[in-house]
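A short write-up of the structure that comes next.
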Amino acid sequence: MADKPFLSKVYDLKGDGVRDYYDKWAETYEDELTENAYATPARCAAALAATDLPKDTPILDFACGTGLSGAALHAEGFTIIDGIDLSEAMLAKARAKKIYRNLTRASADAPPPVEPNAYRAITAIGAIGPGAAPAEVIAPLIQALPTGGYFVISLNDVALDTPAFPAALDAQADSIEKVSEERGPHLPGIDVMSTVYVFRRT
Ligand SMILES: C[S@@+](CC[C@H](N)C(=O)[O-])C[C@H]1O[C@@H](n2cnc3c(N)ncnc32)[C@H](O)[C@@H]1O
C-alpha cells in the first residue's frame, strides 16, 4: 500500500495549523489524493450539472485547493469558475491549471471574501470539515447566494461525525431547501465515504 504521509494526519489538524499544512502538502497533494481514488469532486460536479444552472453561470469553488474540484466542474462543462483558498501554495497549483477566472486568498480569521449575489452557485467540495475549513464558513457562503442559487457541499464521514458540521447546515434550514443528497465514495483508499448535498437558496 502506498504511503499516506499527509492524508494520514489531516483529520487531526487544528485551527492555526491548517494553512501551513496545506502549504507543505501542495506539491504532493494531487498525487496522494489520486492514489487514494478521490471521488468526491466528480460526484459534486455531476450533482450541480443535474440542476437547471446554465453552464456559463459564474460559480465559486470555495476552498479550491490545487483545483481538483474546479477541474471536475470544468469537465462537466461549467465555464466560469472562481476559486478561493487559504493556502497560497495550493492556489499556485490551481492557477497553473488555467481553468479559473479569478483566484483569491482567504484569511482564516475573517468570513470568506464573497460578494453577496456574485454567484448563482457556490461549491464546497472536500472543503469543509476537520482538516479543512471550519463549520463557521457555511452560513456566510449560503447567505451570499441569491434566491434560487445553489450550494453544493460534501461532508465526509469525519465531518458527519463531528456535530458542528451537520449543525451548521441545520442552522440554515430557514434559508435553504434540499435538492439532492447522495452518499458515495470519498477516498476509497482510506475507506472514507462522503455525502454530497445540493441545496437551493430560498
Ligand atoms: C482537502 S482540501 C480540498 C481542496 C479541493 N476543493 C479539492 O477537492 O481537492 C481543503 C482545502 O481547504 C482549504 N482551506 C482550509 N481552511 C480554509 C478557509 N478557512 N478558507 C478557505 N480555504 C480553506 C485548504 O487550504 C485546502 O486547500
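Every number in this text was worked out from the coordinates using simple rules, so none of it is lab data. All of these numbers come straight from a predicted model, not from anything done at the bench. Every residue, glycine among them, receives a Cβ derived from its backbone with ideal geometry; neighbour counts consider all protein chains shown.
Overview of values
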| item | result |
| --- | --- |
| Residue range of the chain that is longest and free of trypsin sites (Lys or Arg not before Pro) which are both DSSP loop and sparsely packed (at most 10 other C-beta within 10 Å) | 99-202 |
| Percentage relative contact order, the range 10-201, counting C-alpha pairs under 8 Å, at least six apart | 23 percent |
| Long pairs among K14/K55; K4/K55; K55/K98; K4/K93; K55/K178; K9/K98, criterion Cα-Cα beyond 28 Å | K14/K55; K4/K55; K9/K98 |
| Computed [θ] at 222 nm, deg cm²/dmol, the chain (DSSP H ≥ 4; -39,500 (n - 2.57); rounded to nearest 500) | -7500 deg cm²/dmol |
| Net charge, R43 excluded, C-beta distance under 15 Å - Lys, Arg +1, Asp, Glu -1 | -4 |
| Whole-Hz ³J(HN,Hα) from phi, Karplus 6.51 cos²θ - 1.76 cosθ + 1.60, for the range 63-77, glycine and proline x | 6, 6, x, 7, x, 4, 5, x, 5, 5, 5, 4, 5, 7, x |
| Long-range HN-HN contacts of V192 with modeled amide H, under 5 Å | H186, L187 |
| Cα principal axis extents for the range 10-201, largest first, Å | 39, 36, 32 |
